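J.: Once you've had a glance at the structure underneath, I'll fire off some questions.
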Amino acid sequence: MPTQEQKKLLKRWFREILEQGDLNTVEDLIGPYITFYGQGGDLGLQGRNSFVRWLQRYRMMFSNQVWMVHDVIAEGEKIVVRYSGYATYKGGISEIDSTNQRIMESGVFIMRLENDQIQEVWSETSDLKTMQQLGAFPSMHELGSVLV
(Lines give C-alpha, C1' and ligand atoms only; values in the text may rest on other atoms or scores of the structure.)
Protein backbone atom coordinates (compact mmCIF):
# COMPACT_ATOMS: atom_id res chain seq x y z
CA MET A 1 0.00 0.00 0.00
CA PRO A 2 1.41 3.41 -0.94
CA THR A 3 2.40 5.72 1.88
CA GLN A 4 1.16 9.29 2.19
CA GLU A 5 4.63 10.50 1.15
CA GLN A 6 4.51 8.38 -2.02
CA LYS A 7 1.03 9.69 -2.87
CA LYS A 8 2.23 13.26 -2.30
CA LEU A 9 5.21 12.65 -4.60
CA LEU A 10 2.92 11.36 -7.37
CA LYS A 11 0.59 14.31 -7.00
CA ARG A 12 3.54 16.67 -7.36
CA TRP A 13 4.87 14.67 -10.37
CA PHE A 14 1.63 15.03 -12.31
CA ARG A 15 0.46 18.48 -11.13
CA GLU A 16 3.64 20.46 -10.61
CA ILE A 17 5.97 18.84 -13.14
CA LEU A 18 3.80 17.63 -16.03
CA GLU A 19 0.89 20.10 -15.81
CA GLN A 20 2.78 23.19 -14.64
CA GLY A 21 6.36 22.54 -15.78
CA ASP A 22 7.74 23.65 -12.40
CA LEU A 23 11.53 23.26 -12.60
CA ASN A 24 11.93 23.74 -8.83
CA THR A 25 9.80 20.63 -8.33
CA VAL A 26 11.95 18.80 -10.90
CA GLU A 27 14.96 19.66 -8.75
CA ASP A 28 13.18 18.45 -5.60
CA LEU A 29 11.73 15.19 -6.92
CA ILE A 30 14.09 13.93 -9.60
CA GLY A 31 17.53 12.56 -8.88
CA PRO A 32 20.39 14.15 -10.83
CA TYR A 33 21.29 10.84 -12.50
CA ILE A 34 17.75 9.61 -13.17
CA THR A 35 17.29 7.04 -15.92
CA PHE A 36 14.11 6.69 -17.97
CA TYR A 37 13.23 3.51 -19.83
CA GLY A 38 10.72 3.67 -22.64
CA GLN A 39 8.37 1.14 -24.09
CA GLY A 40 9.72 -2.38 -24.00
CA GLY A 41 12.46 -1.31 -21.59
CA ASP A 42 14.38 0.73 -24.18
CA LEU A 43 16.87 3.11 -22.61
CA GLY A 44 15.50 6.62 -22.83
CA LEU A 45 16.56 9.81 -21.11
CA GLN A 46 19.48 9.88 -18.73
CA GLY A 47 20.01 12.64 -16.20
CA ARG A 48 17.86 15.41 -14.81
CA ASN A 49 19.03 17.93 -17.42
CA SER A 50 17.90 15.65 -20.26
CA PHE A 51 14.52 15.32 -18.55
CA VAL A 52 14.21 19.12 -18.25
CA ARG A 53 14.87 19.52 -22.00
CA TRP A 54 12.29 16.80 -22.75
CA LEU A 55 9.74 18.40 -20.40
CA GLN A 56 10.13 21.83 -21.99
CA ARG A 57 9.68 20.39 -25.49
CA TYR A 58 6.76 18.19 -24.43
CA ARG A 59 4.97 21.15 -22.83
CA MET A 60 5.44 23.19 -26.02
CA MET A 61 3.81 20.38 -28.05
CA PHE A 62 1.03 19.60 -25.55
CA SER A 63 -0.63 22.33 -23.48
CA ASN A 64 -3.57 22.50 -21.09
CA GLN A 65 -2.69 19.17 -19.53
CA VAL A 66 -4.93 17.53 -16.95
CA TRP A 67 -3.82 14.22 -15.41
CA MET A 68 -5.72 11.67 -13.34
CA VAL A 69 -4.22 8.87 -11.27
CA HIS A 70 -6.37 5.72 -11.34
CA ASP A 71 -4.29 3.15 -9.44
CA VAL A 72 -1.20 3.21 -7.26
CA ILE A 73 0.65 0.14 -6.02
CA ALA A 74 3.77 0.43 -3.91
CA GLU A 75 6.25 -2.06 -2.57
CA GLY A 76 9.58 -1.15 -1.04
CA GLU A 77 11.28 1.52 -3.12
CA LYS A 78 8.98 1.16 -6.16
CA ILE A 79 5.67 2.80 -7.03
CA VAL A 80 3.46 1.70 -9.92
CA VAL A 81 0.92 4.22 -11.17
CA ARG A 82 -1.76 3.81 -13.85
CA TYR A 83 -2.84 7.19 -15.17
CA SER A 84 -4.63 9.02 -17.96
CA GLY A 85 -4.87 12.60 -19.02
CA TYR A 86 -5.87 15.11 -21.63
CA ALA A 87 -3.82 17.71 -23.45
CA THR A 88 -4.13 20.05 -26.43
CA TYR A 89 -1.74 19.31 -29.30
CA LYS A 90 0.09 22.45 -30.48
CA GLY A 91 2.31 20.89 -33.15
CA GLY A 92 5.90 19.73 -33.24
CA ILE A 93 5.67 15.99 -33.93
CA SER A 94 7.17 15.33 -37.35
CA GLU A 95 4.91 16.97 -39.92
CA ILE A 96 1.64 16.56 -38.04
CA ASP A 97 -0.15 19.90 -38.13
CA SER A 98 -1.98 21.19 -35.11
CA THR A 99 -5.65 22.02 -35.19
CA ASN A 100 -5.60 22.31 -31.39
CA GLN A 101 -6.71 18.69 -31.10
CA ARG A 102 -7.62 17.61 -27.58
CA ILE A 103 -6.07 14.19 -27.12
CA MET A 104 -6.25 11.57 -24.40
CA GLU A 105 -3.13 9.77 -23.19
CA SER A 106 -2.80 6.89 -20.77
CA GLY A 107 -0.08 4.72 -19.40
CA VAL A 108 1.73 3.07 -16.55
CA PHE A 109 4.84 4.35 -14.78
CA ILE A 110 7.02 2.30 -12.49
CA MET A 111 9.19 4.62 -10.40
CA ARG A 112 12.10 3.65 -8.19
CA LEU A 113 12.67 6.00 -5.28
CA GLU A 114 15.81 6.56 -3.29
CA ASN A 115 16.55 9.40 -0.86
CA ASP A 116 13.05 10.82 -1.44
CA GLN A 117 13.74 11.32 -5.15
CA ILE A 118 12.79 9.46 -8.31
CA GLN A 119 15.89 7.66 -9.58
CA GLU A 120 14.46 5.44 -12.34
CA VAL A 121 11.25 5.41 -14.37
CA TRP A 122 9.90 2.66 -16.60
CA SER A 123 7.20 4.03 -18.88
CA GLU A 124 4.57 2.21 -20.93
CA THR A 125 2.48 4.85 -22.67
CA SER A 126 -0.23 5.14 -25.30
CA ASP A 127 1.95 6.76 -27.98
CA LEU A 128 0.23 4.86 -30.81
CA LYS A 129 -3.19 5.97 -29.56
CA THR A 130 -1.93 9.56 -29.44
CA MET A 131 -0.72 9.32 -33.04
CA GLN A 132 -4.07 7.84 -34.09
CA GLN A 133 -5.91 10.75 -32.46
CA LEU A 134 -3.69 13.14 -34.42
CA GLY A 135 -4.55 11.34 -37.66
CA ALA A 136 -1.06 9.93 -38.28
CA PHE A 137 -2.23 6.28 -38.14
CA PRO A 138 -5.61 4.62 -38.60
CA SER A 139 -7.42 3.46 -35.49
CA MET A 140 -7.96 -0.23 -34.78
CA HIS A 141 -11.62 0.28 -35.74
CA GLU A 142 -10.58 1.81 -39.08
CA LEU A 143 -8.07 -0.99 -39.68
CA GLY A 144 -10.71 -3.60 -38.88
CA SER A 145 -13.15 -2.21 -41.43
CA VAL A 146 -10.41 -2.25 -44.08
CA LEU A 147 -9.39 -5.83 -43.32
CA VAL A 148 -12.95 -7.24 -43.30
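The values are calculated or read from the model by the stated rules, or taken from the named source; none is laboratory data. It should be emphasised that the depicted structure is a prediction, and the values quoted were computed from it without experimental measurement. Because the Cβ atoms are built from the backbone with ideal geometry, glycine has one as well, and the counts that use them run over all protein chains shown.
J.: For the subset of the stretch 93-113 comprising residues that are touching a residue at least 12 places away in the same chain (Cβ under 8 Å) and assigned to a loop (DSSP other than H, G, I, E, B), which member is nearest to G135 (Cα to Cα)? Full working, then the answer.
T.: From the stretch 93-113, those touching a residue at least 12 places away in the same chain (Cβ under 8 Å) are 93-94, 96, 100-113; that's our starting set.
Going one step further and asking which of them are assigned to a loop (DSSP other than H, G, I, E, B), we end up with 93-94, 96, 100-101.
On the way: I93: 12, S94: 12, I96: 8, N100: 13, Q101: 10 Å.
Per the stated criteria, the residue is I96.
J.: Further question on the same structure: Within the stretch 29-49, can one find any residue that is at pLDDT 95 or above, touching a strand residue (DSSP E or B) at 6+ places or on another chain (Cβ under 7 Å), at positive phi and not β-branched (V, I, T)?
T.: Yes - at least one qualifying residue is present in the stretch 29-49.
J.: Evaluate the following for R59: is it part of a helix (DSSP H, G or I), basic (K, R) and either touching a Leu at 6+ places or on another chain (Cβ under 6 Å) or modelled with pLDDT of 90 or more (or both)? Before the answer, list the steps.
T.: Values: part of a helix (DSSP H, G or I): yes; basic (K, R): yes; either touching a Leu at 6+ places or on another chain (Cβ under 6 Å) or modelled with pLDDT of 90 or more (or both): yes.
It is true that R59 is part of a helix (DSSP H, G or I), basic (K, R) and either touching a Leu at 6+ places or on another chain (Cβ under 6 Å) or modelled with pLDDT of 90 or more (or both).
J.: Exactly one of (1) in a helix (DSSP H, G or I); (2) within 13 Å of F109 (Cβ to Cβ) is unmet by F36. Its number?
T.: (1)
J.: Looking at the stretch 110-128 only, could you name the residues that are over 14 Å from F51 (Cα atoms) and of a type outside the set (S, T, N, Q)?
T.: Passing the criteria: I110, M111, R112, L113, E114, D116, E124, D127, L128.
J.: Please work out which residue is farthest from V81 (Cα to Cα), limiting yourself to the stretch 31-65 and to residues that are exposed (fewer than 14 other Cβ atoms within 10 Å of the Cβ) and aliphatic (A, V, I, L, M).
T.: M60
J.: May I ask you to list the residues in the stretch 62-110 that are within 23 Å of T3 (Cβ to Cβ) and of a type in the set (A, V, I, L, M, F, W, C)?
T.: W67, M68, V69, V72, I73, A74, I79, V80, V81, V108, F109, I110
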